[in-house]
1. Provide, in order from the shortest bin, the percent of all Cα-Cα pairs of region 81-209 in each 5 Å bin, continuing until the bin that contains the maximum pair distance.
2. Once phi is turned into ³J(HN,Hα) by the Karplus curve 6.51 cos²θ - 1.76 cosθ + 1.60 with θ = phi - 60°, what whole-Hz value does each residue of region 167-173 show in order, with x for glycine and proline?
3. Would you mind ranking TRP162, TRP274, TRP94, TRP58 so that the residue whose beta carbon has the fewest other beta carbons within 10 Å leads the list?
4. Which angle from 0 to 90°, rounded to the nearest 10, does the C-alpha axis of helix 283-295 make with the longest principal axis of the chain?
5. Quick one: which residues, 5+ away or cross-chain, put their amide H under 5 Å from the amide H of GLY78? H built at 1.01 Å from N.
6. Taking every pair of Cα atoms in region 6-295, average 1/r, invert it to obtain the Kirkwood radius, and report Rg/Rh to two decimals.
7. For region 96-136, what's the radius of gyration and Dmax over Cα atoms, in angstrom?
8. Where Rh denotes the Kirkwood radius from the mean inverse Cα pair distance, what is Rg over Rh for region 1-149?
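Computed from the coordinates by the stated procedures, all read-outs in this text should not be read as laboratory data. Predicted model, so just to flag it, every value in this text is computed and none were measured. When we count neighbours, we look across all protein chains shown, and the Cβ atoms used for this are built from the backbone with ideal geometry, even at glycine.
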Amino acid sequence: MSVRPVTQISQAQPTLEGAGVKLHRAFGFHDPSLVDPFLLFDDFRNDRPEDFLRGFPWHPHRGIETITYVLSGSVEHGDSLGNTGALGAGDVQWMTAGSGIMHQEMPKGDTFGRMHGFQLWANLPSNLKMTDPRYQDVKSGEIPVVIDDDGTRVRVICGEFWGKTGPVDGVAASPRYLDVFVPAGVKKILPVDTYQKAFAYIFEGSGSFRDASEPFGVLLEKEAAGEEILIRDQTGNRSLVLFGTGEEVTVQAGDKGIRFLLVSGTPIEEPVAWHGPIVMNTQEELRQAMRDLNAGTFIRKSA
Ligand code: FE
């Protein structure tokens, strides 16, 4: 089995979004081939209600899927398909915008005023960009949890892992979305589909995703000899780790354990024309979306 090398480690950056929400963006509005089929990843964890209560009032999406995973607090939402409700701790909302949806997403803190959650955008291939919008609301209790003998705990939100299949289905990029906890000091090897691009996002504890077949001392020697080696590999809170190709990733948990999302998906490899929450293949399709918005014909399918 080949271990995926770590190709990049970066920190999520403070970003202002929606009607004035302070969040951290791990990637987005970058070269879309970097983590194709994924376009954007936001961490909206925040302890100050004044930083997130203004939320994300009514706005359009077209051509993508948005995946919201709440860990604490809640997100009240409504959309042009007629869905309304609140996502609570552990819940997931998987929204296929397709031809067009209008929605709003309003975070509310928990009893301590804290909000914790993530939003990922996955691209749709050209033949599905104008598909009917679809909405999947998954309650925390529906998400299978696999626990290994060494205490490693994995929530399988989408895709298949260790014999369990997540409840979210029918998603274009056949992504796998896992919430992984590895206890202190444990080294774990996690399989990842060879043909998928993968990233990890660390949000608790710390650890290393380096290929453990290369002892740290050897890496230091190689670096001293002038080789370009990624040795600052201790990842912690709000770190994004990108991987090269291979069949598995390794993680060595630090002294407090490590918790991260491990997300992978099949690259779409198509041109991307991007205007905020609307992501198409060509500039003309973007112009059409703007014309539709101005003419009131953006929503093709509603409640
Ligand atoms: Fe949105």
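1. With 5 Å bins starting at 0, P(r) equals 2, 8, 17, 19, 20, 16, 10, 5, 2, 0.
2. For region 167-173, the Karplus-derived couplings read x, 7, 9, x, 9, 4, 7 Hz, x marking Gly and Pro.
3. Final ranking by Cβ density, sparse to dense: TRP58, TRP162, TRP274, TRP94.
4. Rounded to the nearest ten degrees, it is 40.
5. Those qualifying (amide H under 5 Å, at least 5 residues apart or on another chain) are GLN104.
6. Values: Rg = 19.1 Å, Rh = 19.7 Å.
Ratio of gyration radius to Kirkwood radius for region 6-295: 0.97.
7. Rg then Dmax for region 96-136, in Å: 14.4, 45.
8. On the way: Rg = 16.1 Å, Rh = 16.4 Å.
Rounded to two decimals, Rg over Rh is 0.98.
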